[in-house]
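I have placed the structure first, in the form of structure tokens, so that the comments after it can refer back to it.
The values are calculated or read from the model by the stated rules, or taken from the named source; none is laboratory data. From a predicted model like this one, the values you see are computed outputs, not experimental measurements. For neighbour counting, all protein chains shown are included, and Cβ atoms are generated from backbone atoms with ideal geometry for every residue, glycine included. SASA here: full protein model, heavy atoms, side chains in, ligands and nucleic acids out. Shrake-Rupley method; radii C 1.70, N 1.55, O 1.52, S 1.80 Å.
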Amino acid sequence: MKHPSSLLVLFVAVLSQLCGLVSASAQIADIKFHINLLQPGNEATTYQLRQQGRQLVADTELPVALATELSSDGSNQVLSLTLTARERVYFNIGALLPTGFSTEQCEFYLPGFWYHKNLRSPREAPSFHTSRDWTFREDRLSSPLTSVFDGATGQTVSVMRCLDAPAEALTTHIEGDVILSGPSSLGYLGFEGSSGKAALAFGYPYQETPRRYIRKLQLTAPIRAFARLDKGESKTLRWIIRKGKAEDFGQHVMQAWQLCVDQLRPEPITPLYTPEQMKAQLANYFRKAYVDQYPIKYHSGHTLRCDDCKPYPAAQLGFCGRTILNGFNAIEYGEQTGEQGLAADGQAILDSYLEHGFTEGGYFKDEVRYHEPIPADKDVVHSIRQQSEGVYAVLHYLRYEKLHGRKHPAWEKKIRALLNRMLELQKPDGSFPRKYRDDHSDVDASGGSTPSATSTLVMGYRYFGDKRYLAAAKRTVDYLEKNIIEPSDYFSSTLDANCEDKEAAISAVTATYYLAMVTKKAERQHYIDLCQKATYFAMSWYYLWDVPFAEGQMLGDLGFRSRGWGNVSVENNHIDVFIFELAHIARWLSSVTDEPRFAKLCDVIESSMNQLLPTPERLCGIGVPGFNPEVVQHTTWDYGRNGKGFYNDIFAPGWTVASLWELYSPTRTQDFLTH
């Protein structure tokens, strides 16, 4: 016979389960469903639906039967919706999950596309400036999830699509009500907040409202797609619903990312090439892009055409060009392989920058356009990001040279002078201006790019042993912690958009990692904790699933898989290979924290980012082998040309080559910081 206390425990458990079932039933009753039906040639009709047992019914009999089910799966609930056609129908079905949260207190999160309220973007991009109600195609999102965090109570609600087998269908029109030309797996996700209360929106097939984002800072007419069901045919759709609590928006992003990883379970792709084969092909960029007809020698890295990859008369220090870093890469690889021509070209690039690449104020010339009048030094605009990327590259070069018994006192003098000027540039709060002039007058005083300087200062400390650089680096992270990491406001690190972006999060990860590598005990642990917070945010930009492509869209015909590739920013809605040191840092972080998901996603990233490498046998839509593509247009957004499944006609291979080179040089940074 059971003890009375055991019976009480059993009774409470059973009662709890019953209450859970009641709660689940109440929750599905709260969801507001509607269906849009279209007869070709007629206007679509919208029917509001209500729950009747397990059925959804309208005030009039519909040509389609709709059945719902809500089941529990651990801490998740799974909503299933099955449509069965009584006759041929063209439909778009949607749902709205009310949360009861005040819109004013809420932050919204749709991975890789919407963070907070997107208020750092102007009205010309999706943001609260334009509307408080938005729905988006799922392939815009790095994970098919929409969610909300209530800042007043800490409560969170997330809705995640359970993916179908990938399928994409073309349409004959790009706005209004359109009928899909075949099967599609794409639905939509979003939210509503205009009523003053937040609700999460989801449905199938896709729609984009109230505006559709078609290219950088350009919104246009909405679209609503209709799928076909023939008589007797059924389709089942599923979504995961999770409610929870979080201390802040950053923790909500972390929890949502963990949910997505655990549910989507992205697996590595069988790599097409080894790291050695990757470098062997990428080295052709060093051969074919080299320009030596101007005072500054460089590998032409931006504003190239995809079809011919002919050099462009401009040298960009960092950002898109990465001229000095690629010069060093050419030296290192040329000497490793015995290709002395590569090494000589790389050395000529470094020598030319030493002689011609600095302003009177001691800063690098960020960009020189030889087809335009060269501005006076006092008029040159510097960015802290590009200056930092230049110092980073030179210090790696100097360490390499020193290990090979070669010294460069002139370079060391230049870099020390630049680092000393950076100390003068730093603001009292520890930040650096995003853009400035030689005389340290601000062009853009925003501190969002501050973490770009951190790693450079730490490297300066390690190379020169000057503790002032380390102290300045720590002050940058004081600013970073207070203004970027704690409020989860990662913005302004890319130079062509001042919005929420992947590169800002990666810069924060890199900055805190560098300090963790040169500090000890409690201080080191503090930087590790900050690094972990920033890494969740950075990883949220990376695709955990494979978006579908239609036949005839080049990327799909190539068999491209989007998992492991990162979306760029709120304003630049394409994917690319921007990774640099992030994978190495995240793998290290996985080993010093209890987060195996970081290492798992690194496996996916490292296996996936070589898919579009142009080789002589498989050019992947690029005119010259080794010139890795940049703007990979995976959704209905473009930079001005070609659209989903293709590239823009203009690209910047300088940084893509540099990024992949770093990905396949996993010990470079750690060796610099620890030896």
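Counting only protein heavy atoms, what percent of the accessible surface of the stretch 90-245 is carbon or sulfur at a 1.4 Å probe? Heavy-atom surface of the stretch 90-245 belonging to carbon and sulfur, 1.4 Å probe: 49 percent. Dividing the mean sequence gap of close Cα pairs (under 8 Å, 6+ apart) by how many residues the stretch 535-644 holds gives a relative contact order of 23 percent.
For Cα extents along the principal axes in Å, pick the label among (i) 103, 82, 43; (ii) 102, 55, 45; (iii) 83, 65, 47 that corresponds to the value derived from the coordinates. Identified label for the calculated read-out: (iii). Summary value for the stretch 140-255: 31 percent relative contact order, contacts being C-alpha pairs under 8 angstrom separated by 6+ residues.
Taking 0.36 nm per residue of separation and subtracting the Cα-Cα distance, full extension of the segment from Asp671 to Thr274 would add 140.7 nm. Farthest toward the dipole's positive end in the stretch 493-593, which of Ile575, Ala550, Trp565, given Cβ charges of +1 (Lys, Arg) and -1 (Asp, Glu) about the Cα centre? Checking the options against the dipole of the stretch 493-593, the answer is Trp565. Summed over the residues of the stretch 575-616 and divided among them, the accessible surface reaches 26 Å² per residue at a probe radius of 1.4 Å.
For the stretch 325-468, the solvent-accessible area of protein heavy atoms averages 40 Å² per residue (probe radius 1.4 Å; ligands and nucleic acids excluded). Residues Arg641, Arg399, sorted by accessible area with the largest first, give Arg641, Arg399 [1.4 Å probe; ligands and nucleic acids excluded]. State the percentage of accessible surface on the stretch 584-654 attributable to carbon and sulfur atoms; use a 1.4 Å probe and exclude ligands, DNA and RNA. On the stretch 584-654, the fraction of accessible area on carbon and sulfur atoms equals 50 percent. As a calculated quantity, the FRET efficiency between Glu424 and Glu551 at R0 = 35 Å, using C-beta atoms, amounts to about 0.05.
Across the chain, the mean sequence separation of Cα contacts (distance under 8 Å, 6 or more residues apart), normalised by length, yields a relative contact order of 14 percent. For the pair the stretch 568-602 / the stretch 87-113, the C-alpha centres are spaced 28 Å from each other. Distant-in-sequence amide contacts of Val632, defined by a placed amide H-H separation under 5 Å and a gap of 5 or more residues or a different chain, comprise Ile575.
For the stretch 290-367, which whole-number percentage of the solvent-accessible area (1.4 Å probe, protein heavy atoms only) is attributable to carbon and sulfur atoms? The C+S portion of the solvent-accessible surface of the stretch 290-367 is 44 percent. Summed over the residues of the stretch 34-108 and divided among them, the accessible surface reaches 49 Å² per residue at a probe radius of 1.4 Å.
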